[in-house]
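Structure record follows, encoded as structure tokens.
The values are calculated or read from the model by the stated rules, or taken from the named source; none is laboratory data. Given the structure is predicted, the values throughout are model-derived calculations rather than measurements. When we count neighbours, we look across all protein chains shown, and the Cβ atoms used for this are built from the backbone with ideal geometry, even at glycine. Side chains included, ligands, DNA and RNA excluded: accessible areas come from the protein's heavy atoms. Shrake-Rupley method; radii C 1.70, N 1.55, O 1.52, S 1.80 Å.
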Amino acid sequence: MTDPGRSSTGSREATAWPRFQILSLDGGGIRGLFGATLLAALEQDLRIRVVDHFDLIAGTSTGGIVAIGLGLGLTPQEVVELYVQEGPRIFSNPLGLGSLQKWYRRKYSALPLENALKSCFGERLLGESQKRLVVPAYNLGQDDVYLFRTAHHEKLRRDYRVPAWKVARATSAAPTFFSSARGIDNLRLVDGGVWANNPVMVAVAEAVATLGAKPDSIRVLSIGTSREVRASRPRLDGGGIVAWGRGNAAVDLIIHAQSVAADNQAGLLLGRDRVVRVDPAVAEGEFSLDGSRRAPELIAMASHYSRALGETFQRQLADHFAPAFEPLYRIGAGGLDADR
């Protein structure tokens, strides 16, 4: 089937997409297991391939890892197994949580994460993705946002050559947890969650501005990684560094506020009924970014929420089948670039 978003000249036309569906996956460390399990349950219950119903997949940090995996042909269940098997190794701290190291250096070595990503993705390139992808990171060196994108537009001539594991490493380089990723053109890349932990508006902007989809043609499934219900302590009203730094209060608020804002903006632009958001509320401290021991509880929570999501998916999203994605550029025989 011909890609409806590309004319014979390679340009994108706003009238070419009668329907355009986005899968958006939040960041959140090991809590990404929730989203992967949710998608795996949908596939099992509805006997479908979830990716068949989406024209674009966006993922930040752990959501970026899931998105890349899905694009390269992994099933959601295979991604679940990756998290369960590799999570304890990735978030292993031999020096102990009480070590002074975390005050001066990153909390974890990035080597177990890199090994897990290499084992999962091998040397496959981002350009080998079978789905359009957009994966946020942040460039510390240039103090600017950074997006990895598949070759779904004629101007996107670089990222498809990058090994997929390096993209995954960059988008998940969470400050204080891992060192920055320096493996791509020696850039200083860190977790895209510093500006787009919920990448839904990044994806909507990509759909409209790059791919030419009209807002009223877009439908979204946006999956979070759980949100804590916590009281805003009175000490924060007039607090300084100590008050806002305790318990990562400032960081948690910024990430949560960005996520809420992105969801509200998507609902306002597209219509609330066109954005399906799954982001369960949990008790304060129930799940953490690096709490791999809570994997069984994350799986159980996803199993619960997948029951209702299955009905919603069938009603609002299942009737759309995305045409096959044909990238404009790819690496051909002998490692040479080949235009489509």
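Ranked by solvent-accessible area (1.4 Å probe, protein heavy atoms only, all chains present), the residues K214, K166 order from largest to smallest as K214, K166. Amide H contacts under 5 Å for A322: H53, F54, restricted to partners 5 or more places along the chain or on a different chain, H placed in the peptide plane at 1.01 Å from N.
Using the Cβ-Cβ distance between Q85 and L253 with R0 = 22 Å, the FRET efficiency computed as 1/(1 + (r/R0)^6) comes to roughly 0.10.
Ranked from largest to smallest solvent-accessible area, with a 1.4 Å probe on the protein heavy atoms, D26, D185 come out as D185, D26.
Whenever you get a sec, line up V275, V84 from highest to lowest accessible area (probe 1.4 Å, protein heavy atoms). Don't jump to the answer; show the numbers that get you there.
Working: V275 10, V84 70 Å².
The ordering from most to least exposed comes out as V84, V275.
Taking a ≥ b ≥ c as the square roots of the eigenvalues of the Cα gyration tensor of region 17-138, is the shape rounded (a/c under 1.5), prolate (a/b larger than b/c) or oblate? Note, shape of region 17-138 comes out prolate.
In the assembled protein chains, D337 presents an accessible area of approximately 80 Å² (probe radius 1.4 Å). Evaluated at q = 0.21 Å⁻¹, the base-10 log of the normalised Debye intensity for region 130-175, with identical point scatterers placed on the Cα atoms, takes the values -0.74. Each Cα pair under 8 Å and six or more residues apart adds its separation to the average, and for region 98-201 the resulting relative contact order is 31 percent.
Amide H to amide H distances under 5 Å link D337 with G332, where only residues 5 or more positions off or on other chains count and H is placed in the peptide plane. Site pair E297 and R106 shows an inter-label distance of 2.7 nm when each label is modelled 7 Å from Cα along Cα→Cβ. Phi angles of region 136-142 translate, via the Karplus equation with coefficients 6.51, -1.76, 1.60 and θ = phi - 60°, into HN-Hα couplings of x, 9, 9, 9, 5, x, 9 Hz per residue; Gly and Pro are given as x. With bins 10 Å wide beginning at 0, the percent of Cα pairs of region 100-179 falling in each bin runs 17, 43, 30, 8, 1.
From the square roots a ≥ b ≥ c of the eigenvalues of the alpha-carbon gyration tensor of region 165-232, which class results: rounded (a/c under 1.5), prolate (a/b over b/c), or oblate?
Details: a/c = 3.03, a/b = 1.26, b/c = 2.40.
Oblate shape, in that a/c is at least 1.5 and b/c is the bigger or equal ratio.
Here, region 248-314 is characterised by an Rg to Rh ratio of 1.02, where Rg is the alpha-carbon radius of gyration and Rh the Kirkwood radius.
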